[in-house]
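Trainee: This is the structure I have questions about; it appears just below.
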Amino acid sequence: MPYVLAPPGYEEAIHTHAYQYIVESLGMDESKIFNMYRQVESIYNKDNMVLNLNEGIFAPDFKTGTFENDQLFLENLCVFSLILKHFLLLIVRRYVRFPAPE
């Protein structure tokens, strides 16, 4: 299982670094950007929803290997990929209004 998770983990590390670079390059207030999940209700609600969906897989005794646990793990992986993948990009788009191309 670790070999399956290594590429997505690596991708997320690259994304995190890229988002940090974007925020710094545009001279944005980092604390404001990276704390918006506490200040913007829709982002806060989305975060809580995802945390509730992930509840079971973070239990210390959770193990894959059964159909039910494998399915739960896959559902959580899909939720993470589909819902959170562009989380910081959405925050940046909300914070900065880019001018329309001429």
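Trainee: Multiply the residue separation of VAL79 and ASN35 by 0.36 nm, subtract the distance between their alpha-carbon atoms, and state the gained length in nm to one decimal.
Mentor: 13.7 nm
Trainee: How fast does segment 40-80 diffuse by Stokes-Einstein, in µm²/s, taking the Kirkwood radius from C-alpha pairs at 25 °C and 0.890 mPa s?
Mentor: In µm²/s, the coefficient is 223.
Trainee: Based on other C-beta atoms within 10 Å, arrange MET49, MET36 from fewest to most.
Mentor: With the sparsest Cβ surroundings first, the list reads MET49, MET36.
Since every read-out is calculated from the coordinates, none of them should be taken as a lab result. A quick note: this is a predicted structure, and the numbers were derived from the prediction, not measured. In this analysis, Cβ positions are derived from the backbone assuming ideal geometry, glycine residues included, and neighbour counts consider all displayed protein chains.
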